[in-house]
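Structure first, commentary second.
The values are calculated or read from the model by the stated rules, or taken from the named source; none is laboratory data. Only a predicted model underlies this, so the values are computations on that prediction, with no experimental measurement involved. No Cβ is skipped: glycine too gets one built from the backbone with ideal geometry, and neighbour counts run over all protein chains shown. Accessible surface is based on the protein model in full, side chains and every heavy atom, while ligands, DNA and RNA are left aside. Shrake-Rupley method; radii C 1.70, N 1.55, O 1.52, S 1.80 Å.
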Amino acid sequence: MQMKARLIYNPSSGNETILKSVADILDVLEAAGYEASAFRTTPQPLSAQTEARRAAEAGFDLIVAAGGDGTLNEVVNGLSPLAQRPQLAIIPGGTTNDYARALKIPRNDPVAAAQLILKKQTLPMDIGKAGSHYFMNIAGGGSISEITYEVPSEYKSILGYLAYLVKGAEMLPRIKPINMHIEYDQGCYDGDVTLFLSGLTNSVGGFEQISPDAELGDGKLSLLIVKGANIAEILILVAKALKGGSHINDPKIIYTKTSHLFVKPNDNHKIMINLDGEYGGDAPMKFSVLPHHLEIFADVDAIPDRSISSETPDEQQAEQQFVQSVDSLKQK
């Protein structure tokens, strides 16, 4: 029986470059041995998510998500709750395309991204869960993360990542820390927080050194907490992040790896949670990791070995149990 692939594409992503490439992408899928078909997302809420789930339940072997990080997040939310999940391929067409950057998927050529499927290289990727929602790359909160909500979609299409920088510069004078309670595997933090980020790759908002030692598929979130910081301190941290990731050693930073996370405000301040660049609800919220949950096409040859975890989910679970046992002995 011939394998089936379903292309789910956002026609407005990337100045409509994906829309112009649909026929060529389907040709690539046919060349890869799939019976290929396409679904064009609509303005209906959760259009991509609904179609991803429908196609998976209909027995499709491959889902190809074409669009920005928001479209990809919807597809991941459609697939992740299912017991049987098809393979996933990504064709980036958004502003920052963080996930594609981490997996070394071509970001400026939809057809080249589709042709990566012909290499038949996949990675078992971790997926994050935040409350009842899923995320594939990043979850965060704090006044800095709210920048993404205030950039008009037309600016993103015209200016790309520059739109975020322009809006960020505009917002700097009114960025204020929020008093939070944050729990993670190694402890907790109570105090002012300008930003917290928990990521599954090393690529966040166009920066590839936010989590410099991130490993794909290691069952961990890379947690970065920026304590209460003024404008000058924020700019210094950004500069350090751009220069080799030395920001993680700054006293204003807490940086660690964790399999679980809990965030809540210590006062009545609202904390909007950002999941893959989209609004994902308000804290309090629990975060966890689903190890090796989706099999995703990647250019494995181009990813440094040190960035890919060699541990299996069973090994990760055994390591977590060992750490918990040591912690319990310390408490006795």
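Taking the conditions (1) closer than 28 Å to Gly131 by Cβ; (2) open to solvent by 30 Å² or more (accessible area, probe 1.4 Å) in turn, Asn249 satisfies each one other than (1).
One residue alone among Ser307, Ser222, Ser325 is modelled with pLDDT under 80, within 26 Å of Gly68 (Cα to Cα) and either of a type outside the set (Val, Ile, Thr) or in contact with a Ser or Thr (Cβ under 8 Å, 6 or more places away or on another chain) (or both), and that residue is Ser307. Listed by first and then second residue, the pairs linking a residue in the range 220-242 that is aliphatic (A, V, I, L, M) to a residue that is open to solvent by 60 Å² or more (accessible area, probe 1.4 Å) and in a strand (DSSP E or B), with Cβ atoms under 9 Å apart and 6 or more places separating them unless they lie on different chains, are Leu221/His260; Ala229/Asp192. Evaluated against (1) polar (S, T, N, Q); (2) open to solvent by less than 30 Å² (accessible area, probe 1.4 Å); (3) under 15 Å from Phe297 (Cα atoms), Gln87 falls short on exactly one condition, (2). Just one of (1) surrounded by fewer than 22 Cβ atoms within 10 Å (Cβ to Cβ); (2) closer than 17 Å to Leu116 by Cβ; (3) modelled with pLDDT of 95 or more trips up Lys4, so point out which. All conditions pass for Lys4, except number (2).
Between a residue in the range 105-118 that is closer than 22 Å to Ser37 by Cβ and any residue that is surrounded by 17 or more Cβ atoms within 10 Å (Cβ to Cβ) and among the polar types (S, T, N, Q), which pairs come within a Cβ distance under 7 Å, given they are 6 or more apart or on different chains? If the second residue must be surrounded by 17 or more Cβ atoms within 10 Å (Cβ to Cβ) and among the polar types (S, T, N, Q), the pairs left are Pro110/Ser21; Val111/Ser21. Comparison of Glu35, Glu30, Glu51 shows that the only residue that is among the acidic types (Asp, Glu) and either outside any helix (DSSP H, G or I) or crowded, with 24+ Cβ neighbours inside 10 Å (or both) is Glu35. Of the strands (runs of 3 or more DSSP E) lying entirely inside the range 236-304, the ones with 3 or more residues being touching an Asp or Glu at 6+ places or on another chain (Cβ under 8 Å) are found at 253-258, 260-265, 272-275, 285-297. One residue alone among Gly93, Gly160 is at pLDDT below 95, open to solvent by less than 50 Å² (accessible area, probe 1.4 Å) and within 16 Å of the chain's Cα centre (by Cα), and that residue is Gly93.
For Asp61, the test of being over 21 Å from the mean Cα position of the chain (by Cα), within 20 Å of Val76 (Cα to Cα), in contact (Cβ under 8 Å) with a residue 40 or more places away in the chain and surrounded by fewer than 21 Cβ atoms within 10 Å (Cβ to Cβ) is passed. The residue of the range 98-113 that is nearest to Gly14 (Cα to Cα), among those that are in contact with a helix residue (DSSP H, G or I) (Cβ under 8 Å, 6 or more places away or on another chain), open to solvent by 10 Å² or more (accessible area, probe 1.4 Å) and in a loop (DSSP other than H, G, I, E, B), is Arg107. Taking every residue in the range 267-282 that is free of Cβ contacts under 8 Å to residues at least 60 places away in the same chain and pairing it with any residue that is in a loop (DSSP other than H, G, I, E, B), at least 6 positions away or on another chain, the pairs with Cβ-Cβ distances below 7 Å are Asp282/Lys270; Asp282/Ile271.
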